[in-house]
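The values are calculated or read from the model by the stated rules, or taken from the named source; none is laboratory data. Since the structure is predicted, the reported quantities are computational estimates derived from the model, not experimental observations. Cβ coordinates were reconstructed from backbone atoms using ideal geometry, including for glycine residues, and neighbour counts include every protein chain displayed.
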Amino acid sequence: MAAAPTTSKVALVATVVGAAAMIAYPVVVYFGLTSFQPRMAALILLAIFAPLALLRLRHLDARAVSGVAWVPVLTAGLLVLSAVLDHAGAALVVPVAVNLTLLAVFGATLRGPTPMIERFARLQEADLVGPELAWCRLWTWIWCGFFCLNATVALVLALIAPLTWWAAYNGIIAYVLMGALFAVEFVVRKRRFGGSGRGWLDHMASGGRLRSDVLGGGRG
């Protein structure tokens, strides 16, 4: 009976650790390639990502595996190639593979009735009307454009730029841009359409003030 909760916890840990590893990937690659030969750096990274890839796949159903779950698998595969060739190129194109995977995942939802941004929006507001649905579809297209552009920049940097530029963009700038794009979409959507969300993000986005009870200072 306890197997299901345990499996769920393991899957959650694998997801969180995998996400953290992908975020730290450019920095780890930078220090690895500036301290070791490409083969050794790739093997060190592979020691981290191979177990994560296996653990992630083991605790995901077949439909999930067809999406973002392939990211650690692609990463491990490229690291194997980098180690075999003793060349940094394959390790440096991992951000390109990640962005193309996200492009494919977001783009695939545009073929169905519920685009990706709508799925996120429904986490705060279950009932969406026509203009909101159109907005969510538009922003899913915008995110697809972002992933396409991000993949292009990452590829150019991997091919011709110094390692420091590659690491700075993929490890810092790209995440800042993603955060800014997410924040702009969320805030503008809340200001334009409102919503019944009660979290602090909803209050901030709608221009209102947090109530005293939300801050922990209820009137009593």
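What about A88, is it among the hydrophobic types (A, V, I, L, M, F, W, C), outside the structural domain of E185 (by TED's automatic domain parsing) and within 30 Å of L33 (Cβ to Cβ)? Spell out how you get there, then give the answer.
Numbers: among the hydrophobic types (A, V, I, L, M, F, W, C): yes; outside the structural domain of E185 (by TED's automatic domain parsing): yes; within 30 Å of L33 (Cβ to Cβ): yes.
Yes: the conditions hold for A88.
Please tell me if A90 is among the hydrophobic types (A, V, I, L, M, F, W, C), at pLDDT 90 or above and over 30 Å from F193 (Cα atoms). Let's see the steps before the verdict.
On the way: among the hydrophobic types (A, V, I, L, M, F, W, C): yes; at pLDDT 90 or above: yes; over 30 Å from F193 (Cα atoms): yes.
Spelling it out, A90 is indeed among the hydrophobic types (A, V, I, L, M, F, W, C), at pLDDT 90 or above and over 30 Å from F193 (Cα atoms).
Can you tell me which residue among W143, W165, W135 is of a type in the set (F, W, Y), surrounded by fewer than 17 Cβ atoms within 10 Å (Cβ to Cβ) and over 19 Å from A20 (Cα atoms)? Show your work before the answer.
On the way: W143 fails: surrounded by fewer than 17 Cβ atoms within 10 Å (Cβ to Cβ); W135 fails: surrounded by fewer than 17 Cβ atoms within 10 Å (Cβ to Cβ).
Unique residue meeting the criteria: W165.
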Checklist line | Matching residues in the range 36-73 - criterion: being in a loop (DSSP other than H, G, I, E, B) and modelled with pLDDT of 75 or more | finding: F36, Q37
Item checked: Residue list for the range 74-93, restricted to those being touching a residue at least 12 places away in the same chain (Cβ under 8 Å), of a type outside the set (A, V, I, L, M) and in a helix (DSSP H, G or I) -> T75, S82, G89
